[in-house]
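> Below you'll find the structure I mean.
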Amino acid sequence: MSLQEITARIEAAEEKAGRARGSTCLIAVSKVQPEARILAVLEAGHRVFGENRVQEALGKWPGFRERFDGIELHLIGPLQTNKARQAVELCQAIHSVDRPKLAKSLARLAQERGACPELFIQVNTGEEPQKAGILPTEADGFVADCRAMDLPLRGLMCIPPVEEEPSLHFALLAKIAERNGLTGLSMGMSGDFETAIAFGATHVRIGSAIFGDRVAAG
Ligand SMILES: *Cc1c(COP(=O)(O)O)cnc(C)c1O
C-alpha cells in the first residue's frame, strides 16, 4: 500500500471517530527494510520513522539525516540500559519505557543533557509473560515514579496479544492513560490502526502496510 493510501485511511478513521484531521501521528516503522524502500518514503515527504533496535537505527539514520531535514525518530522496541545513552542522542521519542531501572537511567541522562526525548510507558495489557511492559495494575505507580523523576511522559504504549481482539487492549490503555492525566496513546499497527484511532490513538506504528513485508527476520 502506498503512503498516500495509508494517510487517506488514517484520515477516514479520524473522521469516523469524530476526531480532528491530522490528530494521529503516523510512525512509519522501517525496521529491517531495505534502504531503497525507506528512501522512497522519505522522497514522498514523510519524516516520522520508527525503529525497534538502537544498533540498527544507528546504522541507517545518521546517513539519511545528512540527506533529509526534519527526520523524527521513534524507538519502539525494547531498550537495554547500556544503550540508553545512544537512544536518547538519536531519538526524539522512546515508546518502550518498561521498567524502573530504565526510567532511572533515562532520568540520569536527562539531567546530564538538559534534554530528554518524549517518553511513552509500555503497558503489557495482555499480561503476557514473554512480553515487555508494566502490568496494568502497576501502571499508576510507575507513572507516579516517572513523574517524581521529572521524566517527560507523553503517554502510554501497548502491543496487544496477537490472538486477541485488539479493541479491548486499546480501551484498557486509554482508560489507564485517562486516569493518569496522560494524553498520548501509542497503539495500532498495520492490521488494526483504524480500530486504534477509534479508541483514541495519537500515534500509530505502521510497518508492513507501508513498506511491504519485512525482508529478513526481525
Ligand atoms: C514492527 C513493529 C510495528 C509495526 O508492525 P506492522 O505490523 O508491520 O505494522 C509496530 N510496533 C512495534 C513495537 C513493532 O515492533
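The values are calculated or read from the model by the stated rules, or taken from the named source; none is laboratory data. On a predicted model such as this, the values are computed, not experimentally measured, just so you know. Cβ sites come from the backbone with ideal geometry, for glycine too, and all protein chains shown count toward neighbours.
> Could you tell me how many of the residues in the range 25-37 are away from the ligand (no atom under 15 Å from the Cβ) and in contact with a helix residue (DSSP H, G or I) (Cβ under 8 Å, 6 or more places away or on another chain)?
Total satisfying the criteria: 1.
Matching residues to (1) modelled with pLDDT under 95; (2) of a type in the set (Asp, Glu); (3) away from the ligand (no atom under 15 Å from the Cβ):
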{"position": "Glu11", "(1), (2), (3)": "no, yes, yes"}
{"position": "Arg19", "(1), (2), (3)": "no, no, yes"}
{"position": "Ser23", "(1), (2), (3)": "no, no, yes"}
{"position": "Leu39", "(1), (2), (3)": "no, no, yes"}
{"position": "Gly45", "(1), (2), (3)": "no, no, yes"}
{"position": "Glu51", "(1), (2), (3)": "no, yes, no"}
{"position": "Val54", "(1), (2), (3)": "no, no, no"}
{"position": "Phe68", "(1), (2), (3)": "no, no, yes"}
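> Out of all the residues in the range 66-80, is one or more surrounded by 22 or more Cβ atoms within 10 Å (Cβ to Cβ), part of a helix (DSSP H, G or I) and touching a residue at least 24 places away in the same chain (Cβ under 8 Å)?
no
> Mind listing whichever residues of the range 177-196 are within 13 Å of the ligand (Cβ to nearest atom), small (Gly, Ala, Ser) and surrounded by fewer than 20 Cβ atoms within 10 Å (Cβ to Cβ)?
Result: Ser190, Gly191.
> Can you tell me which residues in the range 85-102 are buried (at least 21 other Cβ atoms within 10 Å of the Cβ) and away from the ligand (no atom under 16 Å from the Cβ)?
Val88
> Would you call Leu153 more than 16 Å from the ligand (Cβ to nearest atom), more than 17 Å from Ala196 (Cβ to Cβ) and free of Cβ contacts under 8 Å to residues at least 40 places away in the same chain?
It is true that Leu153 is more than 16 Å from the ligand (Cβ to nearest atom), more than 17 Å from Ala196 (Cβ to Cβ) and free of Cβ contacts under 8 Å to residues at least 40 places away in the same chain.
> Taking interchain pairs and intrachain pairs at least six residues apart, which have beta carbon atoms under 8 angstrom, with the first residue in the range 1-30 and free of Cβ contacts under 8 Å to residues at least 60 places away in the same chain and the second assigned to a strand (DSSP E or B)?
Thr7/Leu26
> Here's another thing I want to ask about it. Quickly run through the range 197-218 and pick out the residues that are away from the ligand (no atom under 11 Å from the Cβ), part of a helix (DSSP H, G or I) and surrounded by 20 or more Cβ atoms within 10 Å (Cβ to Cβ).
Hit for the range 197-218 is Ile197, nothing else.
> Residues of the range 160-176 being buried (at least 22 other Cβ atoms within 10 Å of the Cβ) and free of Cβ contacts under 8 Å to residues at least 40 places away in the same chain, which ones?
Once the filter is applied, which keeps residues that are buried (at least 22 other Cβ atoms within 10 Å of the Cβ) and free of Cβ contacts under 8 Å to residues at least 40 places away in the same chain, the range 160-176 yields Pro160, Pro166, Phe170.
> Provide a single number: the residues in the range 31-65 that are of a type in the set (Lys, Arg) and without any contact (Cβ under 8 Å) to a residue 12 or more places away in the chain.
1
> Hey, among Phe142, Phe120, which residue is crowded, with 16+ Cβ neighbours inside 10 Å, within 16 Å of the ligand (Cβ to nearest atom) and not in a loop (DSSP other than H, G, I, E, B)?
Result: Phe120 is the single residue among Phe142, Phe120 that is crowded, with 16+ Cβ neighbours inside 10 Å, within 16 Å of the ligand (Cβ to nearest atom) and not in a loop (DSSP other than H, G, I, E, B).
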